[in-house]
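Structure first, then comments.
Readers should treat all values here as calculations from the given coordinates under stated rules, not as data from a laboratory. Values in this document were obtained by computation on a predicted structure and should not be read as measured data. Here the Cβ is made from the backbone with ideal geometry for all residues, glycine too, and neighbour counts use every protein chain on show.
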Amino acid sequence: MNAIKNTVAGWARCAVLVAGATASMAAMANKANDTLIYASDSEVENISQYHNNLREGVILAHLIWDTLVFRDPKSGEYKPQLATAWKWESPTALVMDLRQGVQFQNGDKFTADDVAFTFNYVVSNESKAVTRQNSDWIKSVDKLGDYKVRINLKRPFPAALEYLAGPLPIYPGAYFKKVGLEAFSKAPIGTGPYKVTSVTPGQGVTLVKNTTYFKDSPQGQPKIGNIKFVVIPDPETRAAQLMTGAIDWIWRVPADQAESLKSTPKISVQGGETMRVGYLTIDAQGASAPNSPFRDLRVRQAVNYAINRKGIAENLLRGGSQPVYTACFRTQFGCDSKAAITYDYNPTKAKELLAAAGFPNGFDTEIYAYREREIAEAIIGDLHKVGIRARLHYMKYAALQTDYRAGKTPLTFQAWGSFSVNDASAFMGVWFKGGSDDITKDPQLRQWLETADTSIDPVVRKSTYSKALELISKQAYMAPMFSYSTFYAYNSQLKFQGYPDELPRFYEASWK
């Protein structure tokens, strides 16, 4: 397996090529202009968090909007944010007192009307929300007063506070109803620490500090005056622009780049393991082709044995990345690593399974991916060694998602960060509970996950999640492979702290 071969000299040459194109951007960046410019490889199709599930959308959402509850990333403690207090009225009714004196960025007052509108809209068919798995436990919301609401649950959902502290921001009801979803995505309004000033398709998003952000926020007050998100697909170009000072912050830096950037003047590098898991989804139903070999359990098991998880983690990802065998991340509630089969790297076993399934000479297939081409190619190399000759379709996420949901992708390399929700429901519930991303369609699995998600008994939840994880592993519905490590590289004038939940909190950042 070959590691990435980039060098600082190569990035410097690239920097010369892009310097002219980025000169205007460079004039805006850095401490002197109180403007943090950060770059990533993926563009958010719709800035509304309920209408995209890319990590970049999650990051922007936490700058623009607030949630009812705040989970302290250091202690894990739930703290009041837009809600000041909460009480379970029954296992399916959560009453929340709301904070008074908070304003949306357009001057509208935050009230119970906004909470009721947001959640009642999101759970409706009208919303066309693509992140329904995060809110499908909500039945409706009742307004009990100007600053009090009751959240009615479809059934008990013990992880409610975890979700309310994460992927469920509150929108301004009156403004949203006036402009509609399309206009809202271009000019979003929230109560958060930063206000959007422009959304430019294909380029990025600019934000300015919300000077009226409520003083009692557990997040603290924003410190940097301006933040700009820019889309730069190529990793070498991102590194080059960081070196020229055109941008201030990049992430998902390849390990070789990160190591070399550590010795680059005026650049700091930080890294560590995250909650994000890389995996292959496998078309066990055989929808992608007549007589698909992946309908055979032995073929799916062969895929699992063929992948050198440890080699990818240690040689490509590094920085704390570890092999993963379960359909969840180990810190999530209910993630029982002992429930899964440990598919150690065993090409001989993989070949034996393929021969037993009637493929002694292997077979040709397709593999789809939207990120980290070098990792996708390493996986393809491992599969080729056992006779699974996979051809790569490398495409944008939106296009891949369309093909995946249409049943056209026999193997799909994906990654999932669970929206930073520290509960196994945020992983298994997406891929195996009957939603649009569930290509497995196993009724027993759905039943167990429904039980685990809704039981108020933590013992029952854990034991049922364990049964689900065991079934996923034994049937090889998926090939979990590794946890991601993320390297951040940034302007050394910037004070920044990363967290394992892979949520860069730019509202905490400041200039030194």
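Tabulated values for the structure
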{"quantity": "Kirkwood hydrodynamic radius (C-alpha pairs) into Stokes-Einstein, the stretch 353-512, 10 °C and 1.306 mPa s, D in µm²/s", "calculated": "85"}
{"quantity": "Distance (nanometres) between label positions extended 7 Å along Cα→Cβ at Asp216 and Lys266", "calculated": "4.4"}
{"quantity": "Percentage relative contact order, the stretch 69-131, counting C-alpha pairs under 8 Å, at least six apart", "calculated": "16"}
{"quantity": "Near-label residues of the stretch 292-306 by backbone N, under 18 Å of a point 7 Å along Cα→Cβ of Thr342", "calculated": "304-306"}
{"quantity": "Least to most buried among Thr191, Thr212 (fewest other Cβ within 10 Å first)", "calculated": "Thr212, Thr191"}
{"quantity": "Distance violations [Cα-Cα > 31 Å] among Lys177/Lys215; Lys79/Lys109; Lys154/Lys178; Lys79/Lys441; Lys79/Lys462; Lys139/Lys495", "calculated": "Lys79/Lys441; Lys139/Lys495"}
{"quantity": "Largest-first principal axis extents of the Cα set of the chain (Å)", "calculated": "69, 61, 37"}
{"quantity": "Cα gyration tensor shape for the stretch 208-291, rounded if a/c is under 1.5, else prolate or oblate", "calculated": "oblate"}
{"quantity": "3J(HN,Hα) from dihedral phi, the stretch 180-197, Karplus parametrisation 6.51/-1.76/1.60, rounded to Hz, x for glycine, proline", "calculated": "x, 4, 4, 5, 4, 5, 8, 9, x, 10, x, 9, x, x, 10, 10, 6, 9"}
{"quantity": "Modelled FRET efficiency - R0 25 Å, Asp364 with Gln444, Cβ distances, 0.05 increments", "calculated": "0.20"}
{"quantity": "Relative contact order of the chain, defined on C-alpha pairs under 8 angstrom at six or more residues apart (%)", "calculated": "21"}
{"quantity": "Ser185, Ser418 arranged by Cβ crowding within 10 Å, fewest neighbours leading", "calculated": "Ser185, Ser418"}
{"quantity": "Relative contact order, percent, the stretch 274-485 [alpha-carbon distance under 8 Å, six or more residues apart]", "calculated": "38"}
{"quantity": "Where a label projected 7 Å from the Cα of Ser492 along Cα→Cβ would reach, residues of the stretch 237-276 with amide N under 12 Å", "calculated": "262-269"}
{"quantity": "Taking N as its residue count, the alpha carbon Rg of the stretch 69-176 over 2.2 N^0.38 Å", "calculated": "1.02"}
{"quantity": "Label point distance in nm, Gln203-Lys109, each placed 7 Å from Cα along Cα→Cβ", "calculated": "3.9"}
